[in-house]
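The values are calculated or read from the model by the stated rules, or taken from the named source; none is laboratory data. Because the structure is predicted, anything quoted here is derived from the model rather than measured. Every residue, glycine as well, gets a Cβ built from its backbone with ideal geometry; the counts of neighbours run over all protein chains shown. With ligands, DNA and RNA removed, areas are computed over all heavy atoms of the protein, side chains included. Shrake-Rupley method; radii C 1.70, N 1.55, O 1.52, S 1.80 Å.
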Amino acid sequence: MSYQSAETWKYDVYMSFRSETRYPFCSYLYQAFRMAGIHAYTDDTESRTGGELTYTVIQAIEASRVSVVVLSQGYSRSRWCLEELAKIMECRSSIRRQTVIPVFYRDDPADVGHQRGPFVKAFRSHRNGFSDESERIDAWRTALNQAANLPGFEISINKDESEVIRNIVEHVTKLLVSEELFITKHPVGVQSRMEEVIQQLHSHTSPDGIVLTGIWGMGGVGKTTIAKAVYNQIRYSFDRPMFLPNIREMWEKNKLVFLQEQLLNFICKAGVQVQSIASGVAKLKEKLCQEKVLIVLDDVTNIYQLNALCGSREWFGPGSVIIITTRDRRLLHMIGVDHVYQVTKMDSEESLELFRRNAFTQATPQEFDRVETDVVACCGGLPLALVTIGCQLFGKTIDEWEIVLGGLKRRPHPGVHDVLKRSYDGLNDEQQREIFLDIASFCVGMERSEALQTLSDAFGIPLDEISFLQEQSLIEFDDQDMVRMHPLLRDMGTQIVRELSQTQAQERKYDVFVSFRGGDTRSGFTSHLHTYLQNAALTVFKDDDDVDGLQRGERISMALLKAIGLSACSVVVLSTHYANSKWCLQELENIMVCHRTKGQLVFPVFLGVHPADVRYQRKESAFGKAFESLINGKRPVEADKVQRWKTDLFEVSSFSGKTVTDSRSIGQALQYREPGFYSRICHWLMSCCIPNNESFESSTLTNEAEDIKRIVEDVTRLLDKTEMSIARHPVGVESRVKKVIEESNILKVIEESNIQGRTKDVLTIGINGMGGIGKTTIVKAIYNQIGRKFEARSFLQDIRKTWQQDNGNVSLQQRLLEDIFRGTRIEIHNIDSGKQILKDKLKGKKVFIVLDDVTDLDQLDALCGSGEWCGPGSILIITTRNNDLLKVCKHTFSEQEMKLEPAECLELFSWHAFRKPWPPEATDESLIELSEEIVKYCSRLPLALEVLGSNLFNCGIEVWNTTLERLKSIPPDGVLEKLQISYDGLRNKDEKEIFLDIVCFFIGMDRNEVIQILNSCGLDAEYGINLLKERNLVTVDKNNMLGMHDLVRDMGRAIIREQSPKLEERGRLWYHQTETETETKTKTKTKTETQFSVLKLLKIQEEEGEKLKKVTGLSLKLPTTNSFCLSEKTFKTMPKLRLLQLASVESNGKFKNLSRYLKWMSWHGFPLKHTPMDCFESDTISIELENSKLEVLWKEPPMKMLPPIK
C-alpha cells in the first residue's frame, strides 16, 4: 500500500489547442464538458510563446484521464502546442495509459500524420530556426503521426460544430464511466486492506439497504489508495459510480458548489447548474433518491462538506454505497456511518518492500543494507514517507543517503511534514493545538489516567476532553492503556515547537528551575538551596511554591514541565533516590531537551552520590540500585525511554557542577537522619557565637552550608554568561561542530582535565577559510555546547576589526580579563602591562577561549601567549583567514572541510528563499531547477546563499532568471559581485541610499538613532532598515545595534567606488586609518583614487576653491597622532553635506560655511574647549562629541535661541 498524491486523477480532460480555435469552438467545448459534470483543464493564457512547457501545464497533463487535442492548421506552427502533444503522447504510452482523442479541425488526418499541406511549411520553419534540435523536431513528427492514427472526430467547414461537440462529450463521458482509477505504481499491501473493507460492506449490504462506511486514519497512511481500490473493485455493481477526490482542497478553494455540480451532472447525466450550496443540496436530494449510486468522498475534513454532498442516507436510492475517507472519526459518527475501517501503518516487511520498490530498480545493493534499515525505521511504517523518501533517494550515492538520513534524524521530511501538519492545522483552536504539542513533548509513554490528569491540571479541562486527538488519528492508547503517537507525528510536533520558539521566543520567567527528589531533600538541602538562591536576587521555580497541590511521585504537572522551558538555568539535585522516580527522570529528560534545543544552562549537584554512579548507573551503587528498581519494577519502563534516561544521566553527569557530601554519615552520632541537619546546627551555633563551638568538627560540619553558598555563586556566574547567538537557520552547523569536537578530542581533554594530573597540555585548534564560509558561526556553536564545562571562558569576536581601532588591542585584553575573572576589575593601561597581567592571571587556570578573526601572531601573543599562558586542560580555538597562523595549532580545519555540501547549500538557500528547508513540492518545477542552479554558482558560500535567497523571497520567475544569468557571468571567486545582485534587487533608490549610508557611517550605531537621522534626510528609514534586515544585508543585535558582515560592507564600498573613478564625483567619502591609500605624487593634479587619498583631495579642493557638489557624507577616522585640520574653507567645498563623522580630526574653530543641510555630526575627540555658535545648524538633529576636550559648552552665552537638537 502506498500514498502518493501525484498519482491521483485531478482532471477528467486536458484540452490542447492553438489560439485560433479558442473562440468559439474550444470555449463551447469547454462549457459543454462543464455542463456534463466533466472537470476539464484549459490553459487560459492567451499568448503562449516559446517551446518550454510550464510546470503547471505538465502537472495538468499528467493528472488528466483524457486529453482532447484540437489539431488545426496553425497547430504545427506553435512549438508550445507541439511540446504539449509530445507530452500527451508520452503519458498515453506510460503506465497510466491515458486516453487521447484527436479532433481534426478543418484538417485532413493524412496531412497531419505525414506533415503535408500547411504542416510542410511549419516544419521547414522549425528546421531552419532550430537546426540544432533535430531530435526534438523528430519527436514532434512522431507525436503527430501517432495522434493522426488514433480514432477521433473530424470537423469540415460545412459541418455542424455543435453536433460534433455533443458527440465528443458523449464519447468522453462513456470513457470516464468505463475507466478504472489509477491506484499506485507499487500497490504493496493494498489488496488485503481492500478485501477487509469489502468484507465489511458485504456484511451489511442488502437489496434495499443503503450503506455508509468510513475509512479513517492519520495523514499519509493510505486511505485514498484503499478507497480507490475498493471503488475499482465494486463499481460495476452500480448504475452511477462516482469518485470525488481532494474534497479538502476543493473546499479551501471555495469550490464546494462545483463539486455539487460535478456530482449531479455525472450521476444524473443532465446539464444542471448550481447557484449556491443550499440549492445544490436541494437538487441532490431530489435527483439522487431514485438512483443506486456508489459515491466516494475523499479527504473530508468538516461536517459542512458532508452536509453539502451527502446529508443523510435518505438522499440515496436503495442499494447505494457511500464511502468517506477522513482523518477525523467524529465526522463519521456525526453522519451515522455503519462501519469505520481504521487504516493502520505497515508492518516491517511491507515497509521494506514498498521502500525498496521506490528506491531501487533491482535488489538492494549490499552496501546500502544498514542505511536502508535506518531510513525505513525513520518512516515509522507510513506509506507516504516510504514512497516520498524512497523516490528522493532513487539513484543517489551512499554518501547522499547518509546526508538525507542525518536530516531525517534532525527534522521530518518537508513533504511528509506538510501533509501531516494539515491535521494539526485542522484543530479547532489554539488550546487544542497547545494540548497536542504538550502531549507530543511530554506525555507520550504515560498511562492514560496520568496523562489526562496532567493535562486537566494544566488546562482546566474535563478529563475526557482530549478524545478529539484520538478521533483525529493524532494519538492512540495501546493495550496497556499508555499514550502512543506515531513517531512522525511526534517529530512534527517537535518541529512545530522548534519553529514557534524561533519566531515567538518567550521571555524567561525564571532564573532557576530546581529539580529534586522530594523525599530525599525537600525539607533539608533543597529548601536551604532555594532560600540562598532567592537571597541572591534570583527568581526560582520550586514546585510546592508554584503548583498548588502537586504531589511528586503521583503525577507531574504540565505547568511544572513548562516552567523548565521558561527557566534560564536548571539545577539538578541528584540524590540517591532521584533515579527511583520516573517523574524526576521525566523532568531531567525535558531539562536536557531544553539544553539541546534552547541552550539552557544545566548545573548538577551530586548530593551524597558519586558522579560516576550517576553516569553509568553502577549496579553496586545505591543510585544504580534505585534506577534498576524503577525500570524493572512491577510496571517495567519501555526500552526506548530507559535508553533516553541513561543518555540524559550520562550527559548531565559530565557537566561541571558540585559534589556535596551527605552529612548524615557525620550526624549519625546524634541519631538524626535529615541530610545536612548537623552541619546547619553547627553553622547556626557558630553564627550565634555559642561558647565551646570549637569542640564540634566545624571544618567538616559546615561544608554543606559552604557548598550551597558556592553553588549559588557558580549559578549566578553562569547566568551572567550570555549564550552566543547562532545563525537563524544553522544548516550544517551541527555536523561540523561534531567533526571539530570529535577529531580534536575535545571531550577527552575535558574529561581528563577533571582528573587531577591527567593532562598537562593546552589544546589549540585553528579553523581557516575565507570570509563568509561560517567559521564564526561554527565556533559560536562549539562555545555554547562545551563552554559550561569550564570554570571560565571568553569569546572575543571580530579581533581584526577591533585591533585596528584606537587602543583596540588593550580593549581586547581588558575584555578577556573581565570575562575570565568576573566580578574583578583590574585596569590595563597599555598592551605590555596587559600581557603581564594576563600571563600572571591565566597561569594554572583551566579556561576556554575563542579568538575570532585573528590576522597575525602578535594578536595571539598579546592575548594569551599563543595559549602558553593558560592552565592544563584549557582549550584555545582561533578562526583566521591566514594560513600561517595554523602553525601554532595542534588541530587544524581547512576551508574545504568547513564548506557546506551541495544538499546543505540548497537547504540553507531554501530557508531564505522559501522559508522552508527545501523548495516546496507544489512550486513551479522550473523554480526548483533555478534554485539548484543558483546554489551551484554561489560557490558553497553561506553568506551568498543567505543574501541571494533573501533577495529572491516572494519574487517572480523573471527575477530568478535574471539573477541566474548575472551569476553565470561572474567568476567563481567574485564574491562581492555575487552579493551585489541582492543590492541591485532593492526596489527603489531610497532603499539603496539607506544601505550605502549604513555602510559608510552607521555600522555599530543604535538602530533607533539611525532611523531618526535618516528620516530627517527624507528617507523612510524604519521600513528601509527592516527590508535590509530581511534581505540579510544588515543585522540588528540584541542591543539594537546595526551590524553588517565585512564582505557585505566591502561590497557596498565597492559600489560607491564604481560610481566614478574620481573621488570628487562620488556622493560619499571616507578615510579610516585602517585603509591603505596610495600617496603617489604626480606633476598633474588628476584627482583619481589611485593617486590621491581623501585627505589630499580635501586639501586640493580647499586650495583651489572648487566645490565637491555631489558629496553628501564624509567620514574621517584618523590616528590620534594625526594633524589634519578642518577649516571653514573645507566646509565651503561641501555645500550639500548632510552626514559628518570625524575622529581625531583638528579644527580651527570656525564653522561658518558648514552645510545648511547637515543633519548629523559625530566628532570623536572634538578638539575645542568650547563649541562655536556657528557649529549649530537649524536642521541638525544630532550632534555627538564623545571624548572631547570641551570645558564649557559656550564661551559666551548664546545671543539667539538655538535650534532644538537631539
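Of the conditions (1) part of a helix (DSSP H, G or I); (2) surrounded by 15 or more Cβ atoms within 10 Å (Cβ to Cβ); (3) under 28 Å from the mean Cα position of the chain (by Cα), Y1023 satisfies every one except a single condition; which number is it?
Of everything listed in (1) part of a helix (DSSP H, G or I); (2) surrounded by 15 or more Cβ atoms within 10 Å (Cβ to Cβ); (3) under 28 Å from the mean Cα position of the chain (by Cα), Y1023 misses just condition (2).
For the stretch 121-146, which positions are open to solvent by 20 Å² or more (accessible area, probe 1.4 Å) and aliphatic (A, V, I, L, M)?
Here is the first cut: in the stretch 121-146, the residues open to solvent by 20 Å² or more (accessible area, probe 1.4 Å) are 121, 124-125, 127-136, 138-139, 141-142, 145-146.
Within the stretch 121-146, A139 is the sole residue that qualifies.
Restricting attention to the stretch 886-894, does a residue exist that is of a type in the set (K, R) and assigned to a helix (DSSP H, G or I)?
Scanning the stretch 886-894, I find at least one residue that is of a type in the set (K, R) and assigned to a helix (DSSP H, G or I), so the answer is yes.
Suppose we filter Y23, Y41, Y28 for residues that are at pLDDT 90 or above, part of a helix (DSSP H, G or I) and more than 20 Å from A139 (Cβ to Cβ); which single one remains? Give the steps one after another, and end with the answer.
Numbers: Y23 fails: at pLDDT 90 or above; Y41 fails: part of a helix (DSSP H, G or I).
Unique residue meeting the criteria: Y28.
Is it the case that the stretch 193-201 has a residue that's without any contact (Cβ under 8 Å) to a residue 40 or more places away in the chain and closer than 26 Å to L489 by Cα?
As a first pass, look at the stretch 193-201 and keep what is without any contact (Cβ under 8 Å) to a residue 40 or more places away in the chain: 194-195, 198-199.
Now narrow it down to the ones that are closer than 26 Å to L489 by Cα: 194.
For the stretch 193-201, residues without any contact (Cβ under 8 Å) to a residue 40 or more places away in the chain and closer than 26 Å to L489 by Cα: present.
Across the stretch 272-322, which residue is nearest to I210 (Cα to Cα) among those that are aromatic (F, W, Y) and touching a Lys or Arg at 6+ places or on another chain (Cβ under 9 Å)? Outline the logic, then answer.
The first filter runs over the stretch 272-322 and keeps only residues aromatic (F, W, Y), leaving 304, 315-316.
Adding the requirement that they be touching a Lys or Arg at 6+ places or on another chain (Cβ under 9 Å) leaves 315-316.
Working: W315: 10, F316: 8 Å.
Here the residue is F316.
Kindly list, by first and then second residue, each pair from a residue in the stretch 54-81 that is under 17 Å from S125 (Cβ atoms) to a residue that is aromatic (F, W, Y) and surrounded by fewer than 21 Cβ atoms within 10 Å (Cβ to Cβ), limited to pairs with Cβ atoms under 7 Å and residues at least 6 apart or on different chains.
Close Cβ pairs (under 7 Å, with a partner that is aromatic (F, W, Y) and surrounded by fewer than 21 Cβ atoms within 10 Å (Cβ to Cβ)) amount to S76/F123.
For the stretch 182-195, state whether one or more residues are within 27 Å of P487 (Cβ to Cβ), of a type in the set (D, E, K, R) and open to solvent by less than 60 Å² (accessible area, probe 1.4 Å). Full working, then the answer.
Within the stretch 182-195, the first condition is being within 27 Å of P487 (Cβ to Cβ), and the residues that meet it are 183-194.
Restricting the remaining residues to those that are of a type in the set (D, E, K, R) gives 185, 193.
Okay, now just the ones that are also open to solvent by less than 60 Å² (accessible area, probe 1.4 Å), so 193.
There is at least one residue in the stretch 182-195 that is within 27 Å of P487 (Cβ to Cβ), of a type in the set (D, E, K, R) and open to solvent by less than 60 Å² (accessible area, probe 1.4 Å).
Can you say whether V847 is surrounded by 15 or more Cβ atoms within 10 Å (Cβ to Cβ), in contact (Cβ under 8 Å) with a residue 12 or more places away in the chain and in contact with a Lys or Arg (Cβ under 8 Å, 6 or more places away or on another chain), as far as the supplied structure shows?
When the stated conditions are applied, V847 passes them.
Would you check which residues across the stretch 405-441 are open to solvent by 30 Å² or more (accessible area, probe 1.4 Å) and in a helix (DSSP H, G or I) and list them? Explain how you work it out, then say what you get.
We begin by selecting, within the stretch 405-441, every residue open to solvent by 30 Å² or more (accessible area, probe 1.4 Å); these are 409-411, 418, 421-422, 425-426, 428-431, 433-434, 441.
Correct list: K409, R410, D418, K421, R422, D425, E430, Q431, R433, E434, S441.
Of a type in the set (S, T, Y) and under 23 Å from I496 (Cβ atoms), is that true of T388? Full working, then the answer.
Working: of a type in the set (S, T, Y): yes; under 23 Å from I496 (Cβ atoms): yes.
When the stated conditions are applied, T388 passes them.
Select from the stretch 90-108 the residues that are out of contact with any strand residue (DSSP E or B) (no Cβ under 7 Å at 6 or more places or on another chain) and under 24 Å from L29 (Cβ atoms) and write down the one among them that is modelled with the lowest pLDDT. Walk me through it before giving the result.
Residues of the stretch 90-108 out of contact with any strand residue (DSSP E or B) (no Cβ under 7 Å at 6 or more places or on another chain): 90-91, 93-97, 108.
Filter once more, keeping what is under 24 Å from L29 (Cβ atoms): 90-91, 96-97, 108.
Working: E90: 87, C91: 86, R96: 54, R97: 63, D108: 87.
So the residue we want is R96.
Quick one: is D374 among the acidic types (D, E) and without any contact (Cβ under 8 Å) to a residue 24 or more places away in the chain?
On the way: among the acidic types (D, E): yes; without any contact (Cβ under 8 Å) to a residue 24 or more places away in the chain: no.
Against the criterion (among the acidic types (D, E) and without any contact (Cβ under 8 Å) to a residue 24 or more places away in the chain), D374 does not qualify.
Going through the stretch 934-959 one residue at a time, which ones are of a type outside the set (A, V, I, L, M, F, W, C), part of a helix (DSSP H, G or I) and closer than 20 Å to G772 by Cα? Talk me through it step by step, then tell me what you get.
Step one: filter the stretch 934-959 for residues of a type outside the set (A, V, I, L, M, F, W, C), giving 936-937, 939-940, 942, 946, 949-951, 954, 956, 958.
Among the residues that remain, those that are also part of a helix (DSSP H, G or I) are: 936-937, 942, 946, 949-951, 958.
Those that are of a type outside the set (A, V, I, L, M, F, W, C), part of a helix (DSSP H, G or I) and closer than 20 Å to G772 by Cα: K936, Y937, P942, E946, G949, S950, N951.
Which of the numbered conditions does Q1141 fail, given that it passes all the others? Conditions: (1) part of a strand (DSSP E or B); (2) modelled with pLDDT under 75.
If we test Q1141 against (1) part of a strand (DSSP E or B); (2) modelled with pLDDT under 75, just (2) comes out false.
Quickly run through the stretch 242-284 and pick out the residues that are under 30 Å from S192 (Cα atoms) and at pLDDT below 85. Reasoning before the result, please.
The first filter runs over the stretch 242-284 and keeps only residues under 30 Å from S192 (Cα atoms), leaving 242-249, 263, 267.
Within the stretch 242-284, E249, L263, I267 qualify.
Can you tell me which residue within the stretch 964-999, out of those that are outside any helix (DSSP H, G or I) and either open to solvent by less than 60 Å² (accessible area, probe 1.4 Å) or in contact with an Asp or Glu (Cβ under 7 Å, 6 or more places away or on another chain) (or both), is nearest to I934 (Cα to Cα)? Even if it seems obvious, please write down each step before you answer.
Let us first name the residues in the stretch 964-999 that are outside any helix (DSSP H, G or I), namely 969-974, 985-988.
From what is left, the residues that are either open to solvent by less than 60 Å² (accessible area, probe 1.4 Å) or in contact with an Asp or Glu (Cβ under 7 Å, 6 or more places away or on another chain) (or both) are 970, 974, 985-986.
Numbers: I970: 12, G974: 14, G985: 15, L986: 19 Å.
Looking at residues that are outside any helix (DSSP H, G or I) and either open to solvent by less than 60 Å² (accessible area, probe 1.4 Å) or in contact with an Asp or Glu (Cβ under 7 Å, 6 or more places away or on another chain) (or both), I get I970.
Residues in the stretch 147-159 that are out of contact with any His (no Cβ under 9 Å at 6 or more places or on another chain) and open to solvent by less than 80 Å² (accessible area, probe 1.4 Å): how many?
Number of matching residues: 5.
Residues in the stretch 797-806: is at least one free of Cβ contacts under 8 Å to residues at least 60 places away in the same chain, over 29 Å from R596 (Cα atoms) and in contact with a helix residue (DSSP H, G or I) (Cβ under 7 Å, 6 or more places away or on another chain)?
yes
So which residues in the stretch 301-334 are assigned to a strand (DSSP E or B) and of a type in the set (S, T, Y), if there are any at all? Lay out the reasoning, then the answer.
Let us first name the residues in the stretch 301-334 that are assigned to a strand (DSSP E or B), namely 321-326.
If the condition is that a residue be assigned to a strand (DSSP E or B) and of a type in the set (S, T, Y), then T325, T326 are the ones that fit.
Condition test on W216, is it open to solvent by less than 20 Å² (accessible area, probe 1.4 Å) and within 34 Å of the chain's Cα centre (by Cα)?
Details: open to solvent by less than 20 Å² (accessible area, probe 1.4 Å): yes; within 34 Å of the chain's Cα centre (by Cα): yes.
Yes, satisfied.
Of the conditions (1) under 42 Å from the mean Cα position of the chain (by Cα); (2) at pLDDT below 90, N149 fails just one. Which one is it?
Single failed check for N149: (1).
Quick one: would you say S320 is modelled with pLDDT under 90, open to solvent by less than 30 Å² (accessible area, probe 1.4 Å) and of a type in the set (S, T, N, Q)?
yes
Within the set of pairs 6+ apart or on separate chains, which have a first residue in the stretch 1141-1162 that is on the phi > 0 side of the Ramachandran plot, a second that is of a type in the set (A, V, I, L, M, F, W, C) and part of a loop (DSSP other than H, G, I, E, B), and C-beta atoms under 6 Å apart?
So the pair list comes out as S1144/L1118; G1149/L1168.
Starting from the stretch 1118-1130, take each residue that is within 15 Å of Y1071 (Cα to Cα) and list its partners that are of a type in the set (S, T, Y) and modelled with pLDDT of 80 or more, counting only C-beta distances under 7 angstrom and pairs at least six apart or across chains.
Short answer, once both residue conditions are applied: L1118/S1144; P1119/S1144; T1120/S1144; N1122/S1144; C1125/S1147; L1126/S1147.
From the list R370, R327, pick out the single residue that is under 27 Å from W918 (Cα atoms), open to solvent by 10 Å² or more (accessible area, probe 1.4 Å) and touching a Ser or Thr at 6+ places or on another chain (Cβ under 6 Å).
Working: R370 fails: touching a Ser or Thr at 6+ places or on another chain (Cβ under 6 Å).
The conditions single out R327.
Within the stretch 210-287, which helices (runs of 4 or more DSSP H) (wholly inside it) include 1 or more residues that are without any contact (Cβ under 8 Å) to a residue 40 or more places away in the chain and among the aliphatic types (A, V, I, L, M)? Lay out the reasoning, then the answer.
Values: elements: 223-234, 247-252, 256-268.
Those helices (runs of 4 or more DSSP H) span 247-252, 256-268.
What are the pairs with Cβ atoms under 7 angstrom where one residue, in the stretch 111-135, is within 13 Å of G74 (Cα to Cα) and the other, located anywhere, is basic (K, R)? Sequence gap at least six, or different chains.
Taking only residues 6 or more apart or on different chains, the pairs are Q115/R141; A122/R77.
Limited to the stretch 851-866, what total is found for residues that are in a helix (DSSP H, G or I) and touching a residue at least 40 places away in the same chain (Cβ under 8 Å)?
5
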